[in-house]
Amino acid sequence: MKAAIISLESESSKWIVKAMQKYFDRVDSINIKEIEVRSLKNQIEILYNEKPKYANFEEAHKIMKVIDSILKSNKSGTWQKIYE
């Protein structure tokens, strides 16, 4: 199973990644400062380190759930759960 943490890569985030590695086969640490989301006419483009990231339908659906939760969290000022 794979996991990822999106953060500013602080020391505490690195501790979380290390702890997660005990439970997951692969853990990616993604620096939020390197993510760019562009909204075009009929699509959304996601760049990481200035390179496009392509996702299949299932991955895109999961990404949208994360983005929706980020927007809800920002609006409410509370943590949001991401449901499968």
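We did not get these values from a lab; they are worked out from the coordinates using the rules stated. The shown structure was predicted, so the numbers you read here are calculated from the model rather than taken from an experiment. Every residue, glycine as well, gets a Cβ built from its backbone with ideal geometry; the counts of neighbours run over all protein chains shown.
Taking amide hydrogens as modeled 1.01 Å from N in the peptide plane, which residues meet the under 5 Å criterion relative to Glu9, leaving out close sequence neighbours?
Result for Glu9 returns Ile32.
From the list (i) 1.15; (ii) 0.97; (iii) 1.00, can you say which value of Rg/Rh (Cα atoms, Kirkwood Rh) was derived from the structure given?
Entry (ii).
Rank the residues Phe24, Phe57 as a footprinting-exposure proxy: fewest other Cβ atoms within 10 Å of their Cβ go first.
Values: Phe24 13, Phe57 7.
Ascending number of Cβ neighbours within 10 Å: Phe57, Phe24.
Counting only DSSP beta bridges with both residues in the chain, tell me the antiparallel percent, nearest 5. Can you show the working numbers first?
Details: 7 of 13 bridges.
Percentage antiparallel, nearest 5: 55.
5 Å is the cut-off here: which amide hydrogens, built 1.01 Å from N in the peptide plane, fall below it relative to Ala4, excluding neighbours closer than 5 in sequence?
Residues meeting the criterion, in which the H sits 1.01 Å from N, are Asp28.
For the chain, modelled as a GNM with alpha-carbon contacts under 10 angstrom, which of Glu58, Glu34, Glu50 fluctuates the most?
Answer for the Gaussian network model of the chain: Glu58.
Go ahead and run the numbers for FRET between Asn49 and Glu11, Cβ-Cβ distance against an R0 of 22 Å, rounding to 0.05. Don't skip to the answer; put the middle values down first.
Working: r = 22 Å, r/R0 = 0.99.
Here the calculated transfer efficiency is 0.50.
On a straight-distance basis, which lysines could pair with Lys14 in a cross-link, Cα separation under 19 angstrom, same-chain partners fewer than 8 positions away excluded?
Within the straight-line cut-off, Lys14 pairs with Lys2, Lys22, Lys33.
So what's the net charge close to Ser13: Lys and Arg +1, Asp and Glu -1, counting the other residues with Cβ under 15 Å from its Cβ? Before the final figure, lay out the partial values.
Values: positive: Lys14, Lys18, Lys33; negative: Glu9, Glu11, Asp28, Glu34.
Once all neighbours under 15 Å are counted, the net charge is -1.
So if we plug the beta-carbon distance of Asn42 and Val66 into 1/(1 + (r/R0)^6) with R0 = 25 Å, what FRET efficiency do we get, rounded to 0.05?
On the way: r = 21 Å, r/R0 = 0.83.
Given R0 = 25 Å and the Cβ-Cβ separation, E is 0.75.
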